[in-house]
Every structure is written in C-alpha cells, then in structure tokens.
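To start, the structure under review is shown below, and the notes come after it.
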Amino acid sequence: MTPDARFFDTLSPLGVDDLAALTGGEVVRPSAARILRVAPLASADGQAVAFLGDRKFLQALGATAAGCVIVPREAVDAAPAGAAVIVSRTPQAAWAAVAVALHRPVGLTAVPLAEVSEDESVVIEPGVVLGQGARIGRGSRIGANTVIGPGVQIGRDCDIGPNVTVRFALIGDRVKIYAGARLGEAGFGAAGAATGPVDVPQLGRVIIQDGVTIGANTCIDRGAYDDTVIGENTKIDNLVMIAHNCVIGRNCLIAGQTGISGSVTIADGVMFGGQAGVGDHFSIGVGARVAAGAGVLADIPAGETWSGYPAKPIRQFLRETVWVSKQAGRKRERTDD
C-alpha cells in the first residue's frame, strides 16, 4: 500500500545503491529492484523498503515481501532470499531518511469554496482556508479561521468549530469538532541516530466515522503508516490526546485530559474518566471502564473496571487501598504510644 495520494506525493524511485548512499548503510545483498515507497514489514511489497528495528519482529522479517530490507548486521541471515539487504546500525533512522526521500506531504494551495463543496448549503465563516482536493459534504459548517488541508474529505451535516486544523483526514457524516482541535498532525515518532534522535515521517491518516464528537483543543494524531481510527458515535471531551495508530471503537466515552499512547486498541463501549492514561500497544476490551486518574499499563479484559496507578481491577485496588490505610493507622498508633 502506498501512502494516500490525496495527502502525500510519491517522488522518483530509488535503486538499492541509492538507498545505501542516502542512509550510510552497506549493501550486503544487491538487487536491481527499484524502490517506490516505504512500508512496514507486514505490508511491504516488491517495490517497498522495510526495516527491522526490534528482534521481536524477526518472524515478520522472514515473511516480508519487501524488495529491500534495512537490518542490523546480526539479522542478515533472517532476511528473505528475494529481498535486497542493507545493513545499518540504526535501521529505523535509515528507513526514516528513505521515507523523506520518497514521500512528501502535499503542499497547501488555497481554493475557493465552490471548488470543494458538495452544494451551496455548505457554510464557511471568515478566515477559513480550504486546501486543494478537499471535499465538504452538504449541510456542513466550517468555523472562522479553520484550516482544512489538501485532500481532506468531510461528510454531510458536520459542524467544525473555529481555529480547528484538519489534515490527512477522512471524516464521516454528522461529526462535531469543537474549537481549537487538531486532527492529523504528525504523531510522536523518533528514531535514534548517530547524530541524535531524528523524526520518523508519519505517512498514515486519521479516520473519523459518523456521529463522532471531538472536544475543544483535543489532538488526534495521524497514523505512522496505518491509520488512526475513531469509531461511530464515540464522544471525546476537551483536552484529550490520542496518539498515532490508535483504533477506538464505537460508542466510547473519553473524558477530559485523558491521554492514549500510540497503537492502543479500544473496543466498543469503553468509558474513560478524566485524566486517565494508557501506555502504548495495550488493548481494552468491550464495555470496559477506566476510572479517573488511572494509569493503564496492561491489557484490560472486556467488561472490567480498573482504577489506580498502575491500574488494576477496581475491587483489588480498593482492597489494597484499605489494607495500606489500616497499616498506616497502626503505625501511627504505635508511634503515639
């Protein structure tokens, strides 16, 4: 899969030797392949370059269909026979450099409303900027000083508040986005290199399904390569942070100042209290509840309520809290004696 052409230009292809020169790597298995795009190991094809950043993905490396892989020296033998191999001490940073050379975000060229609106029922307030290739559905309203980036698709009967930015995003019908929200900015991705951390280009999108509400000053990052997805009728409060590659189900409720780290999967009907936090790559089951202020550092099964830091089932949390309180009380009594 190539990054969505509505949001990213794909530049001239590169040969394997070009990739090595660009990244400072060493070609240990040459190939005549022409590389058109970057991709993860699991979804790469013969015209893509992928990388191995962690030994836990060795199986994915062996199964990849990538035309070229960038790997540490100790993983060369695990690369598939059909792939060109470049050795690098910093494979992810090398892959990031290739991504910059092959893919570029589409630049913002402002266009008139008539060019992007479905019909005359679309309303824009003063100061709105509309990017080329954007599309706004019937009955939608865009608030003052909002920026709708190139290629963004907005459905029907949406209400987008003032001072919002929407980029790299596909938005369904009847979506409400309140003032100051930021959708589609780059997720927090960095890779170690000899010169220090480097940004990893974020080549995915944000998908907002029908009936979603997004509170003021909430941020939803686009995916690193796959998409960030918010399911139908989910309601998100103000000042919420949703990082790249998260997939959030339908009918979820997320209270203010909640922070959800990258690649978290949240099933339908999950509820978050205010200031809850979730570590990266965890899963939360259908109908689970996360109490206010909880810090989730493990998967939560369906239907359970968790609280505390680190979060745990609420009955366990309450028993432990009572036990600690009793022990503290006994210690005070001994001290007073």
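Answer yes if at least one residue in segment 274-289 is touching a Cys at 6+ places or on another chain (Cβ under 9 Å) and closer than 25 Å to D4 by Cα, and no otherwise.
Looking through segment 274-289, none of the residues is touching a Cys at 6+ places or on another chain (Cβ under 9 Å) and closer than 25 Å to D4 by Cα.
Here is a list: G46, G15, G62, G25. Which entry is within 30 Å of I207 (Cα to Cα), open to solvent by less than 70 Å² (accessible area, probe 1.4 Å) and of a type outside the set (K, R)? Steps first, answer last, please.
On the way: G15 fails: within 30 Å of I207 (Cα to Cα); G62 fails: within 30 Å of I207 (Cα to Cα); G25 fails: within 30 Å of I207 (Cα to Cα).
After applying the criteria, what remains is G46.
Could you pull out the residue among A96, A75, A101 that is part of a helix (DSSP H, G or I), touching a Pro at 6+ places or on another chain (Cβ under 7 Å), within 20 Å of S43 (Cα to Cα) and of a type in the set (A, V, I, L, M)?
On the way: A75 fails: touching a Pro at 6+ places or on another chain (Cβ under 7 Å); A101 fails: touching a Pro at 6+ places or on another chain (Cβ under 7 Å).
The unique qualifying residue is A96.
Of all residues in segment 204-239, count the ones that are farther than 23 Å from G303 by Cβ, open to solvent by less than 30 Å² (accessible area, probe 1.4 Å) and β-branched (V, I, T).
8
What pairs come out if I take residues in segment 268-294 that are open to solvent by 30 Å² or more (accessible area, probe 1.4 Å) and pair them with residues that are assigned to a loop (DSSP other than H, G, I, E, B) and of a type in the set (K, R) whose C-beta lies under 7 Å away, six or more apart or interchain?
Hits for this filter: D268/R250.
Of G293, G273, G269, G308, which residue is closer than 19 Å to Q209 by Cα, over 19 Å from the mean Cα position of the chain (by Cα) and small (G, A, S)? Don't jump to the end; show me each part of the working.
Values: G293 fails: closer than 19 Å to Q209 by Cα; G273 fails: closer than 19 Å to Q209 by Cα; G308 fails: closer than 19 Å to Q209 by Cα.
G269 is the lone residue from the list that is closer than 19 Å to Q209 by Cα, over 19 Å from the mean Cα position of the chain (by Cα) and small (G, A, S).
Tell me the residue from L183, L170 that is at pLDDT 95 or above, closer than 17 Å to R205 by Cα, open to solvent by less than 10 Å² (accessible area, probe 1.4 Å) and hydrophobic (A, V, I, L, M, F, W, C), please. Full working, then the answer.
Working: L170 fails: open to solvent by less than 10 Å² (accessible area, probe 1.4 Å).
Just a single option satisfies the conditions, and that option is L183.
Tally up the residues in segment 155-167 that are within 20 Å of the chain's Cα centre (by Cα) and either at pLDDT below 95 or open to solvent by 10 Å² or more (accessible area, probe 1.4 Å) (or both), please.
Start the filter on segment 155-167 by keeping residues that are within 20 Å of the chain's Cα centre (by Cα), which leaves 164-167.
Next, only the ones that are either at pLDDT below 95 or open to solvent by 10 Å² or more (accessible area, probe 1.4 Å) (or both) stay: 165, 167.
So the count comes out to 2.
Would it be correct to say that V49 is at pLDDT 95 or above and over 30 Å from Q153 (Cα atoms)?
Considered against the rule, which asks whether it is at pLDDT 95 or above and over 30 Å from Q153 (Cα atoms), V49 comes out as no.
Does any residue of segment 243-259 turn out to be of a type in the set (S, T, Y) and surrounded by 20 or more Cβ atoms within 10 Å (Cβ to Cβ)?
Within segment 243-259, one or more residues are of a type in the set (S, T, Y) and surrounded by 20 or more Cβ atoms within 10 Å (Cβ to Cβ).
Would you check if I124 is farther than 30 Å from S12 by Cα, within 23 Å of the chain's Cα centre (by Cα) and at pLDDT 95 or above?
Values: farther than 30 Å from S12 by Cα: yes; within 23 Å of the chain's Cα centre (by Cα): no; at pLDDT 95 or above: yes.
When the stated conditions are applied, I124 does not pass them.
Can you tell me which of V129, V98, V111, V106 is surrounded by fewer than 20 Cβ atoms within 10 Å (Cβ to Cβ) and either under 21 Å from the mean Cα position of the chain (by Cα) or within 20 Å of P201 (Cα to Cα) (or both)?
None of the others qualify; the one that does is V106.
Filter segment 28-43 for residues that are outside any loop (DSSP other than H, G, I, E, B) and surrounded by fewer than 16 Cβ atoms within 10 Å (Cβ to Cβ) and give the result.
The initial filter retains those residues of segment 28-43 that are outside any loop (DSSP other than H, G, I, E, B), namely 28-29, 34-35, 37-38.
Within segment 28-43, V28, R34 qualify.
Across segment 132-145, which residue is nearest to A5 (Cα to Cα) among those that are in contact with a Pro (Cβ under 6 Å, 6 or more places away or on another chain) and open to solvent by less than 60 Å² (accessible area, probe 1.4 Å)?
Taking segment 132-145 and keeping what is in contact with a Pro (Cβ under 6 Å, 6 or more places away or on another chain), we get 132-133, 143-145.
Filter again for open to solvent by less than 60 Å² (accessible area, probe 1.4 Å), leaving 133, 143-144.
On the way: G133: 11, G143: 27, A144: 28 Å.
Result: G133.
Just the residues that are within 21 Å of G137 (Cβ to Cβ) and touching a Lys or Arg at 6+ places or on another chain (Cβ under 8 Å), please, taken from segment 183-221.
In the first step, residues of segment 183-221 are kept if they are within 21 Å of G137 (Cβ to Cβ); the result is 183-184, 205-214, 220.
Scanning segment 183-221 gives L183, G184, R205, V206, Q209, D210, G211, V212, T213, I214, I220.
Write out, first by first residue and then by second, each pair whose Cβ atoms fall under 8 Å of each other, whose residues are 6+ apart or on separate chains, and whose first residue, in segment 182-199, is touching a residue at least 40 places away in the same chain (Cβ under 8 Å) while the second is β-branched (V, I, T) and assigned to a loop (DSSP other than H, G, I, E, B).
Qualifying pairs under 8 Å: G189/V200; A191/T90; A191/V200; G192/T90; A193/T90; A194/T90.
Look at D4 and say whether it is acidic (D, E) and open to solvent by less than 40 Å² (accessible area, probe 1.4 Å). Break it down into steps so the answer makes sense when it comes.
Details: acidic (D, E): yes; open to solvent by less than 40 Å² (accessible area, probe 1.4 Å): yes.
The answer is yes for D4.
Could you list, ordered by first residue, the pairs with Cβ atoms under 9 Å in which the first is in segment 63-88 and within 17 Å of T23 (Cα to Cα) and the second is part of a loop (DSSP other than H, G, I, E, B) and among the basic types (K, R), at least 6 apart or interchain?
P72/R89; R73/R89
The values are calculated or read from the model by the stated rules, or taken from the named source; none is laboratory data. Here the structure is a predicted model, which means the values were calculated and not measured. Positions of Cβ are backbone-derived with ideal geometry, glycine not excepted, and every protein chain shown enters the neighbour counts. Accessible surface is based on the protein model in full, side chains and every heavy atom, while ligands, DNA and RNA are left aside. Shrake-Rupley method; radii C 1.70, N 1.55, O 1.52, S 1.80 Å.
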